[in-house]
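As structure tokens, the structure follows; a few thoughts come after it.
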Amino acid sequence: MPDATAAGETAVERETKRLYQRYAVELIEAFDLCPYASRARIDRRTAEVVLLGDAPSDDEVLECVRSLGRDANVEVAFAIFPNLSIQRLALNGWVERLRHAHQDDPGGLIMTMEGFHPDAPPDLSTPGRLVPFLRRTPHPTIQLTRLSALERVRRSAPHGTGFVDLASVDLRAFLAIPIPDSVSERIAGNNRARVIEVGVAALEAVLDDIFRDRDETFARLATEATPAPRP
């Protein structure tokens, strides 16, 4: 059994969050893949939740979504599954099922959902096809965005072409969420141009190092969790 930290987290939870932060800072921010990422990181209206099961049920995840939805301070959250083995397309299908189930809750849809997955080849043929590669989090992850924050962003740029008043928009909510199509397409286009400029190999080197860190870290944690043989 892994030791718990002073904050009540296990080592697995702590390291899972650390690895996610490496992805957010060393890939998204370092390569300027979101114009608001660096400011959003310090905006304290996010949450990272680690679900340790290797086969989490829909009910377990939905209860996590509901709990986050009840916390008005949380506008963007990341449910991370370090022990879940799932293919990328299967994750997308699961997220779609969870989204529909959440929408059927008595209060209706509170948090929108998007799937992020470690495995996705770089495809530069179109901006949209590159998106899964840029969402290569160290573990399967579901991004949750409060619908009210999303609607506020949409009202700030109703046609996707105006400038957003950053003083009135929560930057955390603006980070990597489904915003109006024209804005999404513009950001995706900019990201494709950026990746072409710096080269796919530069991003792959960062991701490879994060995944190496992940593999080594979890191998060590597994060894520490294994009881020593009796003499």
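Read the figures in this text as sums done on the coordinates, not as results from a lab. The structure presented is a predicted model; accordingly, all values stated were derived computationally and were not measured. Because the Cβ atoms are built from the backbone with ideal geometry, glycine has one as well, and the counts that use them run over all protein chains shown.
If you take the residues in segment 60-92 that are part of a helix (DSSP H, G or I) and among the β-branched types (V, I, T), which one is nearest to R45 (Cα to Cα)? I'd like the intermediate steps shown before the answer.
Of segment 60-92, the ones part of a helix (DSSP H, G or I) are 60-70, 88-92.
Checking the rest, the ones that are also among the β-branched types (V, I, T) come to 61, 65.
Details: V61: 20, V65: 15 Å.
Among residues in segment 60-92 that are part of a helix (DSSP H, G or I) and among the β-branched types (V, I, T), the one nearest to R45 (Cα to Cα) is V65.
L134 is checked against (1) touching a residue at least 12 places away in the same chain (Cβ under 8 Å); (2) surrounded by fewer than 16 Cβ atoms within 10 Å (Cβ to Cβ); (3) closer than 24 Å to R186 by Cβ; (4) not aromatic (F, W, Y) and fails just one. What number does that condition carry?
(2)
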